[in-house]
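**Q** One structure is given below, represented as structure tokens, and several questions about it will come after.
Just so you know, all these numbers are worked out from the coordinates, no wet-lab data involved. If you're wondering where the values come from, they're calculated on a predicted model, not measured in any experiment. Cβ coordinates were reconstructed from backbone atoms using ideal geometry, including for glycine residues, and neighbour counts include every protein chain displayed.
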Amino acid sequence: MNPDTALNVHLNEPLAIGLSWHNRFAQLGPDFLTALPPQPLPAPYWVGRSAAVARELGLDAAWMASDELLNALSGNRALAGTQPLASVYSGHQFGVWAGQLGDGRALLLGETAGGLEVQLKGAGRTPYSRGGDGRAVLRSSIREFLCSEAMHGLGVPTSRALCVTGSDAPIYREEAETAAVVTRVAPSFIRFGHFEHFAYRNQLPQLQQLADYVIDRYYPACRTTDQFNGNPYAALLQAVSERTAKMVAHWQAVGFCHGVMNTDNMSILGLTIDYGPFQFLDGFDPAHICNHSDTQGRYAYQQQPNIAYWNLFCLGQALLPLIEEQELALAALESYKTAFPAALQDRMRAKLGLKEAVPGDLALIEAVLKLLAQDKVDYTIFWRRLSHWVADGQTEPVRDLFLNRPGLDAWLLQYSELLTHVNKGLAFDLMLKTNPKFVLRNHLGEQAIRAAKLKDFSGVHTLLALLEDPFAEHPGFESYADFPPDWASSIEISCSS
Ligand code: AMP
Ligand code: MG
């Protein structure tokens, strides 16, 4: 046997990594998915790895240093016990029905004993690739990897990312780039679009099968609801509406713009998924559009709460054949209108150091957002400096951020009056745990990507370490918490990934 053949025999043998795999999604059957193996990625290398996600999976740390797992997560070797598959979904993109989409470049490998599903994104063509190459470029893979872990560090519900592996294999977007694979992890990757798919085709048995699967696995309390005349599907719609409301409220509070809130990018579990042209706000601009392809500003920062509701409405329409009565569906959706403002108010209060409502707090929040918007004050830096102001009373670092200093002084006066009603020490503690020092600003990602293209992955590793714990001070890394450089505003991030 020549050495090449010997290597192939070795690689063809599935790799056992000490996890027991299930795949409940695969059991839904062929109407929901196509089983197929990943496409090999030539000569892969590690770009970034999350030890925290490996631990959550129960994956022994030694595997994360091994060439065997590197190859398996790049599509070059099967993982024993997994059943790779691409799922089919449809969706509304930019407000328009887009018809069938599906996992065009992601493969679900399976589900670990702890119920976490593992997906390879960028693992090659599937029956749902619609002319795409099934690949993901290095830059967008690094962004997804870092942002997944950054959002988790901030406490925002999100899919996670175990690692990125890269290759010198060329792929073509606007220019030649290289391919990468992100290993994503979540309890489920089911999207609103999965429901829309079967509803649009009037495949009601499959629609019900999917809804029952989601309820039984993720929302069992919907079975025993005494609301909605005991209708579990209406209860599901309400539960998803509430989770989505909480997720979007958290986005708004940390200044996160998703960029492509199409219904196929909305998780049925209220997780942030499908990181593409996302951005954390630098200067506070409610009308900010982060996606260069979003010419109308449909997904601008301030639109996100309404778009989430619009998307939930699509989900409601898809579930209507199961809910049967329109009034019940509307009543279930109604919960968003109370859950969202309540969640946002809680988050904004916490940014001010308030555990609960205090008279005048909402007016104060509204007023400060107006001041921030007027001067496009750096959102993250403002809240962090305000937190320190509560402890040390040093006004200059906060004042320096504003042009309208009389306006800021007047606001600070009102805020200090309000703080007399609470324990300042506790307020400070809460603020330091609520207002991050580090967020994944575009220019930080961009710098790490530029170095990674030259095979220097240290920027990815440094950012991961900072963003996993974004509320810590991390002395020595001040520059990562600083204002964006002038060139940051010229970074254009589009859907191309
Ligand atoms: P996204 O905007 O990344 O959420 O993608 C929208 C749809 O296009 C999904 O169905 C993706 O699977 C698919 N898609 C995006 N990029 C590619 C690609 N390079 N190859 C195949 N399918 C893709
Ligand atoms: Mg998507």
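**Q** Name the residues whose placed amide hydrogens come within less than 5 Å of the amide hydrogen of residue 457, ignoring near sequence neighbours (fewer than 5 apart) on the same chain.
**A** none
**Q** Between residue 96 and residue 227, how many nm apart are label points set 7 Å from Cα along the C-beta direction?
**A** 3.6 nm
**Q** Distance between the C-alpha centers of the range 199-221 and the range 400-415? Whole Å please.
**A** Spelled out, the Cα-based centre of one part sits 52 Å from the other.
**Q** Please work out the C-alpha center-to-center distance from the range 234-267 to the range 83-121 and express it in whole Å.
**A** After rounding, the separation between the Cα centres reads 18 Å.
**Q** Could you compute the net charge surrounding residue 430? Neighbours are other residues with a C-beta less than 14 Å from the C-beta of residue 430; K and R count +1, D and E count -1.
**A** It works out to a net charge of +3.
**Q** Also: Exceeding 32 Å between C-alpha atoms, which entries from my cross-link table qualify? They are 121/376; 246/453; 246/376; 376/424.
**A** From the list (121/376; 246/453; 246/376; 376/424), the Cα-Cα distance tops 32 Å for 121/376; 246/453.
**Q** Return the sequence-ordered ³J(HN,Hα) values of the range 102-117 in whole Hz as given by the Karplus equation 6.51 cos²θ - 1.76 cosθ + 1.60 applied to θ = phi - 60°, using x for Gly and Pro.
**A** Going residue by residue, I get x, 6, x, 8, 10, 10, 7, 7, x, 10, 7, 4, x, x, 9, 8 Hz, with x marking Gly and Pro.
**Q** Separate question: Between residue 465 and residue 62, what FRET efficiency comes out of the Förster formula 1/(1 + (r/R0)^6) with R0 = 25 Å and r the beta carbon distance, rounded to 0.05?
**A** 0.75
**Q** Turning to a different aspect of this structure: Count neighbours as other Cβ atoms within 10 Å of each site's Cβ, and list the trypsin sites (Lys or Arg not before Pro) in the range 426-497 that are DSSP loop with at most 12 such neighbours.
**A** 455
**Q** While we're here: Per-residue HN-Hα couplings for the range 399-404, Karplus 6.51 cos²θ - 1.76 cosθ + 1.60 at θ = phi - 60°, whole Hz, x for Gly and Pro?
**A** 3J(HN,Hα) across the range 399-404, in whole Hz: 4, 4, 7, 10, 7, 7.
**Q** With the contact rule set at Cα under 8 Å and sequence spacing of 6 or more, what percent relative contact order holds for the range 354-432?
**A** 44 percent
**Q** Please flag any cysteine in the chain that has no other cysteine's Cβ under 4.7 angstrom from its own Cβ.
**A** So far as the 4.7 Å Cβ criterion goes, 147, 163, 222, 314, 495 stand without a partner in the chain.
**Q** Now for a separate question. From the backbone phi of the range 380-385, what are the Karplus-calculated ³J(HN,Hα) couplings (6.51 cos²θ - 1.76 cosθ + 1.60, θ = phi - 60°) in whole Hz, Gly and Pro given as x?
**A** Working through the residues one at a time gives 5, 5, 4, 5, 5, 5 Hz.
**Q** Moving on. What is the sum of charges, Lys and Arg at +1 and Asp and Glu at -1, for the other residues whose Cβ falls under 12 Å from the Cβ of residue 289?
**A** Here the charged neighbours net out to -2.
**Q** Using the scaling law 2.2 N^0.38 Å as the reference, what is the normalised Cα Rg of the chain?
**A** Normalised by 2.2 N^0.38 Å, the Cα Rg of the chain equals 1.00.
**Q** What is the dipole size for the chain, taken about its Cα centre, with +1 at each Lys and Arg Cβ and -1 at each Asp and Glu Cβ, in debye to the nearest 20?
**A** Dipole magnitude for the chain comes out near 160 debye.
**Q** If amide hydrogens are placed 1.01 Å from N in the peptide plane, which non-local residues have theirs closer than 5 Å to the one on residue 158?
**A** Under 5 Å from the amide H of residue 158: 272.
**Q** When only C-alpha pairs under 8 Å and at least 6 residues apart count, what is the relative contact order of the range 1-136, in percent?
**A** Relative contact order, the range 1-136: 27 percent.
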